[in-house]
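What follows draws every value from the coordinates through simple rules; no lab data is involved. Please read these numbers as outputs of a predicted model, since none were measured by experiment. Cβ sites come from the backbone with ideal geometry, for glycine too, and all protein chains shown count toward neighbours.
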Amino acid sequence: MKNKRHLLSVTLAVAYLLTVTLPVRSQDIAQIAKSDPLIITGAVGTANTFYHSSLGAGYATPFSSSFYASMNISVYGFSMPFSVYYATNGNFSYNYPHFSFNASPTYKNWTLHLGLRSMTFSNYVMTMPFNGVGLEYNANKLRVGGFYGTLQKAINDDPENPSARTPQYQRIGWGGKVGYGSSNTYVDLYFLRAEDKLSSLYDVWQRSLPAQEDMVVGVKSRISLGSWLSFQANAAATVFSDDITSDTLKVEQLMRWDKIFTARYSSLARFAGDMSLNFGFNGFSGSLTYKLIQPQYKSLGVSYISNNMHSLGLSASTTLFKVLSLYGSFSGQADNLSKQQELTTKGFVYNAGLGFNLGQGLSFSAGYSGYRQMQDDGTIAVVDSIRVDRIMHNFYASPSFSFGGDISHSIAPTFSYTVNKDLNTYTNADGSTDVKTLAAGLGYNLGLSDAGLNIAANYSRQQSIGYGTEYSTDAVSLGASRSFLEDESLDAGIDFSLALNNVANQGRDMSYGANLSLSYVLKEVHMFSFTAGYNRFNNINFLDAVDASEYEYYRGYDLTCSLNYNYTFSLLEIKRKAEAEESQSKAEKYTLK
């Protein structure tokens with residue numbers, strides 16, 4: 001017992017020292033006492049692959065092998081993973097928890113963020129994580145939060161290094177949010193202040209990369225009128241400077257705000273937002289949405305956001321007789337709100353569909369989707385020879401039928417037809433740039449539950465016509481999988497496939513292959529797996545050949561085999577005893593395995 005206690009004390013001490021210097025996952029403080037004190041688990045294994053091609057060894061190494069090991073130390077729910085990897089090609093890596101502390105412990109309604117964490121803000125204000133400290137309070141209806149930290153690390157390589165990375169400033173940010181209400185009716189306010197640190201880059205980099213700063217405020221709100229109507233809005237306004245070294249504006253109305261944000265000649269103010277009106281009654285629901293993002297809108301807390309555009313959309317859906325679902329939507333989008341782009345692009349997306357579910361394993365779905373893209377004048381007039389004006393139509397249908405008990409069957413045919421039409425009569429006078437694609441398929445599955453056997457067969461055909469050529473593909477596959485032994489620890493699978501491709505007036509090629517897979521689990525910790533694949537391909541051209549030298553005939557094959565092994569283990573477990581035993585003395589509160 002003394003040795004066990006000594007081992008327990010030493011292990012917990014080491015684990016504690018590691019915990020305070022290594023990254024850990026989020027943890028609820030109230031749950032720490034309910035977690036196991038120490039769990040050490042891991043895995044070791046190897047993967048070995050043999051590859052041979054009739055085309056030679058230029059595509060892949062004939063034989064490759066790798067070895068790996070991993071271990072995870074869990075202390076009261078905090079996890080610290082370690083791993084090592086080695087491959088016969090000389091590739092070696094060792095991963096361990098870096099020296100930082102990343103956690104989000106919670107206590108009742110409070111959450112403390114430490115290290116590299118993230119908080120929920122408006123998508124127009126901040127979406128990236130921060131590395132610092134944050135605090136959130138979430139009660140029944142009241143929500144309050146704030147943070148301070150680094151939004152972006154500096155990249156400050158030697159400017160004289162030919163392989164220097166693209167530089168970037170260290171970006172510091174702080175912000176907060178406050179909200180009140182339920183999920184039906186609420187209002188949330190957001191604030192962000194971010195700035196690039198000039199001192200984080202060499203002077204030579206600063207001359208080619210101006211530092212930026214911004215201040216963003218946002219609001220999200222929802223108002224519900226009963227259960228049939230609601231209105232949502234999400235908006236943000238930003239004031240930013242693309243160069244914080246530019247001269248300040250000597251305007252009295254602006255200078256009074258210098259302690260919050262300094263207005264400069266490089267400063268701009270921009271707006272972004274969206275709103276939606278949602279309604280629903282008697283099984284019918286719909287939504288009307290509008291979005292506008294002004295040109296050059298940016299937030300230093302958002303990695304990327306499309307701007308200089310607006311869009312309008314409408315969607316609706318309903319269910320009839322409890323078995324028929326109908327839906328449809330339409331939206332339009334246009335850019336160049338600033339009227340400063342060379343060209344203006346407009347687009348429309350629309351779709352409609354239905355779905356039947358008649359029970360007894362019978363269902364059916366069908367629909368249509370379309371897209372229209374156009375270009376108009378901007379700062380220059382559009383030239384007909386390069387004008388983009390296309391429309392796409394897609395029709396699809398997919399019925400399915402399944403029946404049976406111990407012997408089950410399922411049949412699923414599919415059909416789709418797509419037309420991508422060029423409406424520019426200058427570039428498509430003869431219709432040669434139109435593309436039409438017809439695809440159809442049939443799938444069948446057979447399941448024998450008593451034998452643990454599953455069989456699947458599939459056939460598909462696709463035919464495309466466009467740009468003066470015709471292309472078609474026919475593909476067939478057949479596969480089976482089965483479990484063996486009483487505990488179903490042995491799984492085996494095999495499949496065969498055949499594909500025939502044909503390009504009109506150019507030739508045909510055919511490929512076929514087979515794959516085999518075996519896996520076996522021994523005592524739940526040892527896993528052996530073996531896979532083998534053979535693929536053969538032929539390019540056959542039956543053009544009018546004058547002699548054998550003009551007859552193009554090519555064939556080749558690939559062979560791949562892989563043998564893998566994985567062993568999982570539990571090195572040490574110090575667990576809590578059952579709740580019924582928690583009244584015992586502290587010395588007897590834990591079991592050691």
For segment 460-471, in order, what is each residue's ³J(HN,Hα) by Karplus, 6.51 cos²θ - 1.76 cosθ + 1.60 with θ = phi - 60°, in whole Hz (x at glycine and Pro)? 9, 9, 10, 9, 10, 10, x, 6, x, 9, 10, 10
In nm, what is the difference between 0.36 nm times the number of residues separating residue 516 and residue 372 and their Cα-Cα distance? 47.3 nm
So what is the calculated 222 nm ellipticity per residue for the chain, using -39500 (n - 2.57) for each DSSP H run with n of 4 or more, over all residues, to the nearest 500 deg cm²/dmol? -1500 deg cm²/dmol
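Assigning unit charges at the beta carbon (Lys, Arg +1; Asp, Glu -1) and nothing else, what dipole magnitude in debye, to the nearest 20, does segment 410-542 show about its Cα centre?
Once rounded to the nearest 20, the dipole reads 360 debye.
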Taking the dipole of the chain about the Cα centre (Lys, Arg +1; Asp, Glu -1; charges at Cβ), the one of 249, 404, 567 that reaches farthest to the positive side is 249
Computed curve, the chain, Cα-only Debye sum without solvent term, log₁₀ I(q)/I(0) at 0.09, 0.11 Å⁻¹, is -1.37, -1.52
Pop a pseudo-label 7 angstrom from the Cα along the beta-carbon direction at both residue 418 and residue 348 and give the gap in nm to one decimal. 2.1
Grab the beta carbon distance between residue 281 and residue 572, set R0 = 51 Å, and tell me the FRET efficiency rounded to 0.05. 0.25
Cα centroid separation, segment 224-245 to segment 497-521 (Å): 53
Just order 181-191, 263-273 by mean Cβ neighbour count inside 10 Å, highest at the front, would you? 263-273, 181-191
Hey, if you put +1 on the Cβ of every Lys and Arg and -1 on every Asp and Glu Cβ in the chain, which of 272, 496, 359 ends up farthest toward the positive end of that dipole? 272
Output wanted: per-residue J couplings in Hz (rounded whole) for segment 243-251, from phi through Karplus 6.51 cos²θ - 1.76 cosθ + 1.60, θ = phi - 60°, x for Gly and Pro. 8, 7, 8, 6, 5, 7, 7, 8, 10
State, to one decimal in nm, how far the label point of residue 225 lies from the label point of residue 52, with both points 7 Å from Cα in the Cβ direction. 7.6
Quote the charge dipole size of segment 104-298 about the Cα centre in Debye, to the nearest 20; the model charges only the Cβ of Lys and Arg (+1) and of Asp and Glu (-1). 780
Environment charge at residue 347 (Cβ cut-off 11 Å; Lys +1, Arg +1, Asp -1, Glu -1): +2
For a Förster distance of 51 Å, can you work out the FRET efficiency between the beta-carbons of residue 127 and residue 381, rounded to the nearest 0.05? 0.85
Taking amide hydrogens as modeled 1.01 Å from N in the peptide plane, which residues meet the under 5 Å criterion relative to residue 157, leaving out close sequence neighbours? 165
Taking 23 Å as the cut-off for C-alpha to C-alpha distance, list the pairs among 197/298; 177/298; 141/220; 197/259; 220/339; 291/339 that go past it. 220/339
Among 133, 286, 204, whose Cα sits farthest toward the positive end of the charge dipole of segment 104-298 (+1 at Cβ of Lys/Arg, -1 at Cβ of Asp/Glu, about the Cα centre)? 286
Report, in debye and to the nearest 20, how large the dipole of the chain comes out about its Cα centre when Lys and Arg carry +1 and Asp and Glu carry -1 on their Cβ. 2520
Going residue by residue through segment 338-353, the Karplus relation 6.51 cos²θ - 1.76 cosθ + 1.60 with θ = phi - 60° gives ³J(HN,Hα) values, rounded to whole Hz and with x marking Gly or Pro, of 7, 6, 10, 6, 5, 10, 10, 10, 10, x, 10, 10, 8, 7, 8, x
Net charge (Lys, Arg +1; Asp, Glu -1) of residues whose beta-carbon lies under 9 Å from that of residue 194, residue 194 excluded, is -2
Least to most buried among 126, 275, by other C-beta atoms within 10 Å and fewest first, runs 275, 126
Given points 7 Å out from each Cα along the Cα-Cβ axis, report the residue 407 to residue 451 separation in nanometres with one decimal. 0.9
